[in-house]
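Below is one structure, written out as structure tokens; the observations come after it.
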Amino acid sequence: MTFVHIIPHTHWDREWYFTFEQARVMLVYFMDELLEVLEKDDEFKYFILDGQAVILEDYLEVNPQNKERIINLVKSGRLIIGPWYTQTDELLVSGESIIRNLYYGISKCKEFGDYMKVGYLPDSFGQSAQIPQLLRGFGIDKVVFWRGLSERHTKYSEFIWKSPDGSEVFAVNMPLGYAVGKYLPHDVKKAHERVSNIIQQLKQKATTQNVLIPNGHDQMPVQKDLTYLLSELNKIDSENRYLISNFDEYVDSVLENKEKEEFDVVEGELTHQKYMRIHRGIYSTRYDLKKTNFYIENLLTNYVEPILTIAYTLGFPYPHGLVEKAWKEILKNHAHDSICSCCTDNVHKDMEARFKQALEICTSLLELNLRKISEAIPSNEKGEQLLIFNTLPYLRSGVVKSTLYTDKEDFEIIDEKGGKICYQVISKRVIDMGKKDRRIAARGEKLFLNEIEILVDAQQVPALGYKTLYIVPFEGGKKEDIEIKSNNAIENEYYKVSANDDGTIDIHDKINDKHMKGLLVFEDSGDAGDEYNYSPPKKDYVIKSGENDILLKTIYGNLRQELVIEQVLNVPKDLEERGKKLHSVEIPIKTVVSLDKGSKFISVKINITNKACDHRLRVLFKTGIKSEVSFADQQFGIIARKNRLPELEVWESENWQEKPVSIYPMQSFVDLHDGKYGFSVVTNGIKEYEIIGEDFDTIAITLFRSVGYVGRSDLLYRPGRPSGVEIETPDSQMLGDLEFELALYPHKGDTVYGLVPQVAKEYLTPMISYQKLPYNVFVINEEQQQLPSRYSLLNLVSTAIMSTIKKSEKEDSIILRIYNPSLQKIDGGEICFVDKKYDGIYVTDLKEDNIRQLSKKDKDSVDIGELQPCQVMSFKFV
């Protein structure tokens with residue numbers, strides 16, 4: 001006999017081709033009806049609320065009177081909620097975002113009782129290789145998902161899924177999707193015919209006499225007659241036993257007579273497109289939203305939380321509520337449709353509003369705490385204070401960008417011992433300080449100061465801490481900080497970069513005596529796809545830069561040198577023109593290539609004014625490194641991917657849902673190497689790459705895609721029906737000014753030997769500064785405590801990377817999270833405590849609960865121990 005587990009659920013898109021508020025109106029009616037059905041029908045044993053707790057917040061914000069009813073149903077096990085906060089995308093968002101999604105989701109669920117111990121991911125566009133480790137970090141050992149699996153992984157719907165660190169979860173794939181059992185007909189005979197057909201298909205992949213049929217769909221209301229149908233089906237079908245079930249019960253039934261060792265083991269990310277669409281194009285749709293999200297994720301984990309933690313250890317409060325608010329606003333944008341940007345323009349405007357809220361919280365929190373620390377450091381006769389903050393856990397030196405407000409025309413910067421600090425002026429203007437501090441105008445005063453942007457050569461800035469510099473008058477007369485020349489080359493200790501007449505650049509790696517020529521080619525091609533998928537037009541016309549004249553300017557400063565390259569790319573205005581090989585539109589491109597003193601990477605900033613529609617613009621870096629595999633960063637580590645997928649030979653004959661093109665997502669870098677030498681492109685918010693060329697030696701970075709529909713039908717790369725709906729989205733054409741930032745990093749050895757993840761982290765986390773000033777928007781009381789002019793929280797002596805440092809959510813302690821970025825085991829090194837000491841050091845899970853206590857080597861340090869490949873480890877300092 002086959003046991004047929006019917007699992008009632010709804011898949012609730014908070015927004016998609018409708019807005020959040022439109023969906024919430026439906027949610028209120030849906031929830032009211034669901035509560036009534038569950039309360040009246042005792043046989044309706046379970047209902048899965050889509051695995052995301054935000055639904056409860058959305059509903060109770062307008063119907064708070066029903067909270068106790070929900071609590072009663074959750075505690076009785078009838079209404080099954082969580083564990084996620086929102087139904088997250090897994091490939092575009094950061095590892096910390098996925099952790100916070102689970103943390104805040106579980107915390108919300110506990111307000112109602114308990115949460116589902118299953119990582120339910122019904123509709124994410126591909127599964128990250130790190131999901132098993134992250135789920136196990138929250139004590140969850142089961143996952144249920146739909147997209148990304150094929151028989152090239154396993155031919156079964158149940159298997160063991162393993163992360164690079166060795167973490168395993170029991171995985172259940174829904175091979176026919178989460179909606180296969182939707183809207184069962186009330187006519188029992190018709191329902192039986194339909195369900196029988198589904199059962200036969202599922203049995204082909206099942207490992208036991210159990211099959212799972214989800215009874216739900218997008219925004220689908222509860223099927224009120226479900227208990228009647230199952231009762232009647234059990235009367236007429238002697239071969240199958242129908243029961244209302246849940247995912248836990250299904251897994252228990254599968255494992256009842258079968259040991260876990262008997263199941264196939266699958267490793268890595270799951271992104272096959274044979275049976276379900278993965279949408280290779282979402283990584284570069286609405287680049288502006290991707291960039292903003294990445295910026296806020298980076299701001300939260302690399303600046304706000306570290307600075308708040310430093311401030312907390314110095315005696316200031318830690319505002320958990322504000323941090324949680326910022327996180328939740330961006331998590332609402334991390335739903336698979338939202339962050340993947342396959343929504344209407346109105347939805348994307350709502351996302352922009354949430355990002356704006358989160359950004360304002362983050363920047364205000366950061367500014368206020370930098371100010372509090374600065375104002376608690378006693379003033380002295382040395383001069384005006386300029387604090388340099390280092391939010392990474394090791395001593396750093398480097399060039400720091402600062403903005404100063406001063407009445408001095410010329411000045412010097414000195415350190416605590418009176419030593420002169422080198423700086424370079426970038427820009428200077430006079431501003432009305434009354435617009436920054438209204439008290440000036442209220443007193444009837446006028447105050448104009450010089451606002452000066454400078455670069456500061458900051459040396460030996462303490463780990464996770466700060467040092468104080470001083471601004472003093474300069475009596476030696478004016479000096480020139482920069483010089484503009486017509487040369488075509490810039491250089492520092494590591495590289496010489498030259499500009500060519502066609503707008504490309506050549507790099508000479510001085511340390512390794514390697515030369516790379518003809519880098520930085522712009523490639524424009526047609527895009528007849530939609531917000532989901534890139535797909536070329538039937539008649540494409542590919543255009544590359546280098547045909548037009550360039551304008552070149554070289555700027556030399558004592559801390560930074562720049563190549564400024566301006567050119568125009570002539571492109572078709574739309575697909576019609578492209579089909580005729582016409583190009584009536586000029587796209588201006590300004591590229592600034594810069595080298596800072598002592599920098600191990602070459603910075604590139606690209607400004608583009610897009611005036612064309614339905615196209616894709618990429619920048620190409622021909623490395624000369626032949627490769628079969630590329631290496632990119634995923635959440636908490638490196639992932640290796642084939643540059644040409646073998647499935648390309650069979651996708652059409654096997655009727656794949658999409659062409660398996662090797663367009664891939666990254667967190668922040670992609671690297672090619674031959675074991676002896678490598679080349680990386682590190683990006684700041686750009687998420688898509690492909691390795692192209694006859695020898696697969698060229699890194700193609702997608703800057704943006706310009707498309708005009710949510711979904712379209714019969715694409716070359718995605719035959720058949722449209723994904724989503726055929727609604728026009730003119731905002732997704734990305735017309736207007738766009739800015740892109742990336743860095744180039746040639747290196748010796750492979751990705752790990754070349755320390756590519758560590759260099760990427762430094763590029764994305766430059767040191768910051770704060771000038772102590774009496775002029776501010778808000779008034780705060782004078783700080784009573786006095787802080788030292790130099791401070792360091794701790795030092796991480798390791799090749800492991802800090803993911804974040806924060807105050808514990810539950811107690812007065814500090815959480816430090818690190819990870820091994822490599823695909824090999826490493827010695828985790830040690831944590832050394834500098835100006836702050838702790839009594840107890842614990843390894844914790846991702847719920848921040850203690851696992852074990854670590855023994856200190858002495859009062860100032862503790863050994864981390866061995867870290868498995870791509871392993872995440874959290875510590876608590878009490």
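Read the figures in this text as sums done on the coordinates, not as results from a lab. None of these values were measured; they are calculated from a predicted model. Positions of Cβ are backbone-derived with ideal geometry, glycine not excepted, and every protein chain shown enters the neighbour counts.
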inquiry  = Could you tell me the center-to-center distance, by alpha carbons, between segment 620-697 and segment 418-449 in angstrom?
reply    = 48 Å
key: Mean projected area (nm²) of the alpha-carbon convex hull when segment 793-878 is viewed from all directions   = 5.0 nm²
request  = With label points built 7 Å along Cα→Cβ from the Cα atoms of SER397 and LYS642, find their separation and express it in nm.
outcome  = 4.7 nm
query = Could you give the alpha-carbon Rg of segment 751-839 over 2.2 N^0.38 Å, rounded to two decimals?
reply = 1.45
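When the chain is fully extended, how far beyond the present Cα-Cα distance does ASN512 get from LYS837, taking 0.36 nm per residue of separation?
Values: separation 325, 0.36 × 325 = 117.00 nm, distance 4.20 nm.
Here the segment from ASN512 to LYS837 would lengthen by 112.8 nm.
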Percent of alpha-carbon pairs separated by more than 56 Å within the chain = 13 percent
query = Among TRP656, TRP327, what is the fewest-to-most ranking by other Cβ atoms within 10 Å?
reply = TRP656, TRP327
task = Provide the gained length on full extension for the span ALA441 to GLU43, in nm with one decimal, where the gain is 0.36 nm per separating residue minus the Cα-Cα distance.
result = 136.2 nm
request  = May I ask for the net charge around ILE361, where only other residues with Cβ less than 14 Å from the Cβ of ILE361 are counted and Lys, Arg are +1 while Asp, Glu are -1?
outcome  = -1
key: Tensor-based shape of segment 485-754 (alpha-carbon gyration tensor, a/c under 1.5 rounded, otherwise prolate or oblate)   = oblate
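Given a Förster distance of 30 angstrom, what is the FRET efficiency for SER427 paired with SER584, based on the Cβ-Cβ distance and rounded to 0.05?
After rounding, the FRET efficiency stands at 0.25.
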remark   = Expected sort for 580-593, 558-571, 612-625 on mean C-beta neighbours within 10 Å, highest first, is 612-625, 558-571, 580-593
inquiry  = Cβ neighbours within 10 Å, averaged per peptide: list 510-520, 219-229 in order, most packed at the top.
reply    = 219-229, 510-520
request  = Any chance you could get the radius of gyration and Dmax over the Cα atoms of segment 119-268, in Å?
outcome  = 16.1, 50
key: Size of charge dipole - segment 2-267 - debye, nearest 20, with Cβ of Lys, Arg +1 and Asp, Glu -1, no other charges   = 280 debye
task = Give me the orientation-averaged projected area of the Cα convex hull of segment 773-815, in nm², one decimal.
result = 6.1 nm²
inquiry  = If packing is taken as the average count of other Cβ atoms within 10 Å, what order do 43-54, 752-763, 203-214 fall into, highest mean first?
reply    = 43-54, 752-763, 203-214
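Can you sort THR271, THR799 so the residue with the fewest Cβ neighbours within 10 Å comes first?
Ordered from fewest to most neighbouring Cβ atoms within 10 Å, THR271, THR799 come out as THR799, THR271.
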remark   = Over 19 Å (Cα to Cα) among LYS538/LYS573; LYS836/LYS876; LYS290/LYS600; LYS807/LYS837 -> LYS290/LYS600
remark   = The equivalent-ellipsoid semi-axes of segment 2-267, taken as the square roots of five times the Cα gyration tensor eigenvalues and listed largest first in whole Å, are 26, 26, 16
key: Given charges at Cβ of Lys, Arg, Asp, Glu: the chain dipole, positive-most of LEU645, ILE244, GLN758   = GLN758
